[in-house]
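Written out below as structure tokens is the structure these notes cover.
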Amino acid sequence: MVDLHSRPSTGRDPRRPAAPRRPRGIPWWSALAGIASGLVLLALSGLCSLAFSSSSAPLIAVGGAFVDVVPAWLKDLVIGLFGTRDKLVLDISMLLVYAVVTGLIGVLGARHPRAAAVLLALLGAAAGVFVFTRAQNSAADVVPTLVGTVLAVVILRALLSRSGPSPSAHGHGGRDKPAPATAPSPAAPTSPADAPPRRALIAGTGVLAAIVAAGAQGIATSRDLSRKVAQFVLPTPRKRAAPIPAGAQVDVAGMPPFVTPNGDFYRIDTALAVPRVDPTSWSLRIHGLVDQEIELDFSQLLAEPMIESHVTLTCVSNVVGGDLAGNATWIGVPVARLLERAGVQDGADMVLSRSTDGFTASTPLEALTDGRDSLLAVGMNGSPLPPEHGYPVRMVVPGLYGYVSATKWLTELTVTRFADQTAYWTSRGWSERGPIKTASRIDVPREGKDLEVDGDGAVMLGGTAWAQHRGVRAVQVQIDDGDWLDAELGTAVTSDTWTQWALRWADARPGKHTARVRATDGTGELQTSQHADPAPNGSSGWHTIRFTVA
Ligand SMILES: Nc1nc2c(c(=O)[nH]1)N[C@H]1C(S)=C(S)[C@@H](COP(=O)(O)O)O[C@H]1N2
Ligand SMILES: [Mo]
């Protein structure tokens with residue numbers, strides 16, 4: 001607030017109207033008008049986008065482009081801080097930045113409404129460019145952003161023209177002055193300022209109706225898609241996986257389930273909106289260094305002999321002790337079978353898999369052809385793949401981190417060479433090869449928690465260890481600075497799944513303790529104690545926790 005009274009006199013007549021000057025302070029109403037118009041842009045284009053690709057909404061497209069330019073260390077940091085809530089954090093950050101930008105446009109609009117409208121239109125146009133350049137979008141997908149922008153600009157102009165008397169009559173202290181002669185007279189109802197709202201109302205109603213229709217159409221389409229997912233009957237695998245023995249789950253209260261339910265399975269991907277892939281128009285193309293290109297539609301893929309396999313997936317961004325790993329029973333077509341049919345040519349050493357959303361992964365050819373259960377999966381734990389996990393088809397490769405193997409919403413396999421092509425994360429600083437490192441974790445107790453002694457004065461610890469495709473041979477636990485104690489392992493399922501462990505600490509002393517864990521893989525190699533951050537090829541080190549025996 002400016003205090004006019006304490007100003008030293010400048011000798012000017014205080015009653016003389018000053019030359020028109022800037023309104024003092026922030027024109028809050030105009031700022032709000034800017035933010036509201038900005039939200040109109042987002043909401044309307046979002047609604048309209050239901051009838052188009054899932055990344056045709058401007059916020060999704062801009063966020064997606066942002067995700068694409070995030071360097072490895074920042075991705076790593078954000079996942080480290082927020083885990084799988086990273087997308088929510090990005091959405092909120094984008095909305096805040098957007099509110100500031102549109103608020104500033106509104107502020108500008110208090111004096112220069114036309115300039116504000118132009119800026120908002122430019123903002124929408126810029127978003128349109130992002131929408132257009134997203135991998136799964138076509139030119140038509142720009143329509144929602146265009147429609148939203150046009151309407152938002154109309155509304156901004158209407159709001160600004162209604163935001164009170166024009167700035168020249170609206171200065172601080174204007175109350176105690178007679179209104180300048182140029183002020184719009186209340187008796188003139190058809191002042192220019194009133195014209196835009198009226199036209200806007202007519203145009204706006206029409207456009208709004210069109211958007212609601214598009215939104216309804218979009219909702220119907222996505223309902224239709226969920227129906228298709230629900231109706232899809234999983235093919236019976238030619239080769240069943242052995243059922244999971246009860247002993248795979250150790251008897252320690254608080255342990256995670258050996259098979260991760262689909263709804264609890266960690267989700268990591270660059271897609272801000274889950275891609276909507278219609279199985280009836282889906283196809284897979286296998287090409288590159290092959291004798292014969294192959295193109296399969298979904299029913300042809302389903303007609304291939306399927307196998308079933310228990311495989312634990314792990315994300316390279318998982319920190320020591322973290323939970324970016326999950327174990328599921330997959331049903332799918334062995335990748336090797338299709339590659340064999342296409343005829344891989346000499347010199348190829350990599351298969352680049354591509355998703356509808358443009359994500360790519362570079363998988364060593366060897367890992368797809370050496371006999372392990374590398375699959376084009378269509379089923380997860382007895383259901384079709386959930387949309388978040390890649391419906392209708394994804395890759396699953398035992399032993400490799402997801403970023404080099406587990407492409408969801410798969411549409412293309414290019415047989416190529418590491419020397420010729422890079423993939424999404426490998427062109428952003430992550431390692432070319434991504435074998436999963438041997439890892440072990442204490443699940444019970446969690447860091448800082450209490451353990452109750454049982455009747456015999458013992459406590460139970462439990463956890464999970466994995467070394468996919470090598471298997472887990474042993475797990476040892478050290479309490480305080482004591483000897484390494486051998487943990488008891490749950491029944492092994494396959495070398496591609498994780499193993500649970502349990503340790504009964506018989507002479508548990510009350511008080512504060514530390515526990516650390518290490519595993520030995522199936523080749524006899526001890527998990528390294530060397531600390532490493534996730535970037536560039538996976539974390540390492542022994543998981544250590546503090547806990548209290550009550
Ligand atoms: N299309 C697509 N597929 C993807 C990703 C992605 O960003 N986009 N991320 C990969 C990574 S880094 C991991 S760890 C796994 C995670 O699979 P999930 O989300 O089913 O657990 O998916 C992989 N497949
Ligand atoms: Mo990952």
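The values are calculated or read from the model by the stated rules, or taken from the named source; none is laboratory data. Note that the structure is a prediction, hence the values are computed from the model and not measured. Every residue, glycine among them, receives a Cβ derived from its backbone with ideal geometry; neighbour counts consider all protein chains shown. Accessible surface is based on the protein model in full, side chains and every heavy atom, while ligands, DNA and RNA are left aside. Shrake-Rupley method; radii C 1.70, N 1.55, O 1.52, S 1.80 Å.
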Alpha carbon centre of segment 438-460 versus segment 63-138: separation in Å?
-> 45 Å
Check the straight Cα-Cα distances from K449 and name the lysines below 24 Å, setting aside those fewer than 8 residues away within the same chain.
-> K512
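Just to confirm a number: summing +1 for Lys and Arg and -1 for Asp and Glu over residues other than P334 whose beta-carbon lies under 15 angstrom from that of P334, what do you get? Please report the intermediate quantities before stating the final value.
Values: positive: R238, K239, R240, R337, R341, R372, R394; negative: E304, E308, E340, E366, D370, D373, D496.
With Lys, Arg at +1 and Asp, Glu at -1, the neighbours total 0.
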Correct semi-axes for segment 439-549, from √(5λ) of the alpha-carbon gyration tensor and rounded to whole Å with the largest first, are 25, 16, 11
Chain lengthening between R433 and D533 when straightened (0.36 nm per residue, less Cα-Cα) = 34.4 nm
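Taking R0 as 45 Å, what's the FRET efficiency between L81 and K228 from their Cβ-Cβ distance, rounded to 0.05?
0.75
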Please list the radius of gyration and Dmax for the chain, considering alpha-carbon atoms only, with Å as the unit.
-> 30.6, 99
Working out 0.36 nm times the residue gap between E340 and R267, then minus their Cα-Cα distance, what length gain in nm do you get to one decimal?
-> 23.2 nm
Using θ = phi - 60° and the Karplus form 6.51 cos²θ - 1.76 cosθ + 1.60, what ³J(HN,Hα) does each residue of segment 74-85 get, whole Hz, x for Gly and Pro?
-> 6, 4, 4, 5, 5, 5, x, 7, 10, x, 7, 8
Mind jotting down the distance between the C-alpha centroids of segment 240-308 and segment 339-372, whole Å?
-> 16 Å
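Over segment 246-428, with every protein chain in place, what whole percent of the accessible area is carbon and sulfur at 1.4 Å, could you tell me?
Summing carbon and sulfur atoms, their accessible area is 46 percent of the total for segment 246-428.
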Tilt relative to the chain, helix 195-231 - C-alpha long axis, 0 to 90 degrees, to 10 = 10 degrees
Just tell me which lysines come within less than 25 Å, Cα to Cα, of K239; anything on the same chain fewer than 8 places away is out.
-> K408
In segment 26-88 the accessible area split gives carbon plus sulfur, as whole percent at 1.4 Å, a share of 81 percent
Relative to the first principal axis of the alpha-carbon coordinates of the chain, what is the inclination of helix 28-49, with its axis defined by its Cα atoms, in degrees from 0 to 90 and to the nearest 10?
-> 50 degrees
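Of K75/K228; K87/K228; K228/K437, which pairs sit farther than 32 Å apart, going by alpha carbon to alpha carbon?
K75/K228; K228/K437
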Suppose R0 equals 30 Å; then what is the FRET efficiency for E293 and F132 from their Cβ-Cβ distance, rounded to the nearest 0.05?
-> 0.55
Considering only the other residues whose Cβ falls under 12 Å of the Cβ of R417, what net charge follows from Lys and Arg at +1 and Asp and Glu at -1?
-> -4
Extension gain (nm, one decimal) between I92 and L485, 0.36 nm per residue minus Cα-Cα = 136.8 nm
With every protein chain in place, segment 439-549: carbon and sulfur % of accessible area (1.4 Å) | 46 percent
What does the accessible area per residue of the chain come to in Å², with a 1.4 Å probe and no ligands, DNA or RNA counted?
-> 48 Å²
Inter-centroid distance (Cα atoms) of segment 505-529 relative to segment 384-406, Å | 32 Å
Crossing angle, helix 86-111 versus the chain [Cα axis fit, 0-90 degrees, rounded to tens] = 10 degrees
Could you work out how far apart the two model spin labels at T514 and A303 are, taking each label as a point 7 Å from the Cα in the direction of the beta carbon, and quote it in nm?
-> 6.2 nm
